[in-house]
Amino acid sequence: RSKEAGKGCHTSFLPEMMEDNKRKLAIASAILPGLQNDEFQVYYQPKVNVNGEVVGYEALIRWIESKLGFVSPAEFIPIAEATGRVVFITEWVIKKVFDDLSSLIEIHGPHLKVSINLSATDIKRIELLNYIERNYQMYGVDPKNTEFEVTESSYLENFEEADKFLQELSKIGASIALDDFGTGYSSLGYLTKIPIDTLKIDKQFIDELEVDERSTLITTTIIQLAKQLNLTICAEGVETEKQKDYLFNKECDQLQGYYFSKPTPLKDIQKLRRGDADTVNIKQKA
Ligand code: C2E
Ligand code: MG
Ligand code: MG
Ligand code: MG
């Protein structure tokens, strides 16, 4: 459009930018009130092993804002990061997950791990480490039942601080997963030096399994690499039976994706467990 509009392009471009900034500002300023007004929820998406057992859940935040309606974490987490508000979200998620954990363990057994996503600023804050430890105590949570997901870019951006944080968290007994693996600019050398337990292969590779030769090769190579490094390997965004069969054949440890379940509120996981099959269909939850 800008080419056709010539000089006029600025007049049509600017208002769009302003609209975008307005929305960002609206989102940024709605985060703290939203936390106070109970607008956020945590949904849980299962991670399934080759025997079909749920071995873990990933906690994924949901927000229905009073004026904006549903706002995706893919949109508001980066805004929360940029405006220093993400720490409040993270602390809220930690408490919520620790509070829900015993109910999930009751359903799936003592080996269950529930994962919490941490952002780049979180893993620079040593105080967050103290916060996590205090809340393990307060909620009677065993760190062994918890995992923290960080992306390789947030790890490498602030390597010294992030590494200190994650070494400490790992020492306490929590697991660390490297999220969206394969999408950053990783040098593989650091994989042997950082305290990670799990690699999560990004959905972009899973989407192209058996469609794109190189994505297929990258996926199988990451699985083998993880095995050799003694890491658990989890594939994200599994949507089809074909993908599931392919990945389990290649001995991927855990799969996660809409094929098994969308992220689901705890109460629906509990209903499903009780067998109220007609009141809830786990696959239809947003
Ligand atoms: P992520 O951690 O990589 O989470 C995976 C995303 O993929 C989630 O989106 C999940 O709902 C979605 N997903 C899972 N399986 C499938 C599938 O089969 N197909 C498709 N199309 N999507 C699938 P969601 O919940 O919208 O979260 C987006 C991102 O926002 C997350 O990416 C994570 O980076 C961030 N996020 C979500 N919750 C939190 C949180 O509590 N704290 C922080 N710091 N970040 C969060
Ligand atoms: Mg994640
Ligand atoms: Mg991910
Ligand atoms: Mg992802």
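The values are calculated or read from the model by the stated rules, or taken from the named source; none is laboratory data. Nothing here was measured: the structure is a model prediction, and the numbers come from that model. Positions of Cβ are generated from backbone atoms using ideal geometry, with glycine treated the same way; all protein chains shown enter the neighbour counts. Areas reflect the complete protein model, heavy atoms only, side chains present, ligands, DNA and RNA absent. Shrake-Rupley method; radii C 1.70, N 1.55, O 1.52, S 1.80 Å.
Remarks
- Listed residues Leu199, Leu104, Leu14, most fluctuating in the chain (Gaussian network, C-alpha, under 10 Å): Leu14
- Our summary of shape: the Cα atoms of the chain have principal axis extents of 61, 49, 48 Å, ordered from largest down, in whole angstrom.
- Taking amide H as placed 1.01 Å from N in the peptide plane, Lys47 has its amide H under 5 Å from the amide H of Val55, Gly56, Tyr57, Glu58, each at least 5 places away in sequence or on another chain.
- Per residue value of the accessible surface for the chain (all protein chains in place, 1.4 Å probe), Å²: 53 Å²
- Estimated FRET transfer efficiency (Leu35, Leu217; beta-carbon r; R0 30 Å; 0.05): 0.10
- Efficiency of FRET between Glu161 and Glu53 - r from beta-carbon atoms, R0 45 angstrom, step 0.05: 0.80
- Between Gly34, Gly173, Gly275, the GNM of the chain built on Cα springs shorter than 10 angstrom shows Gly275 fluctuating the most.
- Rounded accessible area of Thr198 (nearest 10 Å², 1.4 Å probe): 10 Å²
- Computed over the chain, the per-residue total of -39500 (n - 2.57) for DSSP H runs of n ≥ 4 gives a 222 nm mean residue ellipticity of -15000 deg cm²/dmol, rounded to 500.
- Of all accessible heavy-atom area on the range 65-108, the percent that carbon and sulfur account for (1.4 Å): 56 percent
- Listed values for the range 224-231 are Karplus-derived 3J(HN,Hα) couplings in whole Hz (6.51 cos²θ - 1.76 cosθ + 1.60, θ = phi - 60°), namely 5, 4, 4, 4, 5, 8, 6, 9, and x replaces Gly and Pro.
- Just the protein heavy atoms count here, and of the accessible area of the range 174-273 at 1.4 Å, carbon and sulfur take up 45 percent.
- Ordering Trp92, Trp63 by accessible surface, largest first, gives Trp92, Trp63; the 1.4 Å probe counts only protein heavy atoms, with every chain in place.
- Length added when fully stretched, Ala26-Glu208, from 0.36 nm per residue minus Cα-Cα: 61.9 nm
- If R0 equals 30 Å, the separation of the Cβ atoms of Arg134 and Arg274 corresponds to a calculated FRET efficiency of about 0.35.
- Per-residue SASA entry for Lys22, accessible area with 1.4 Å probe, Å² rounded to 10: 120 Å²
- The label-point distance for Ile107 and Ile64, in a model that sets each label 7 Å from Cα toward Cβ, rounds to 1.9 nm.
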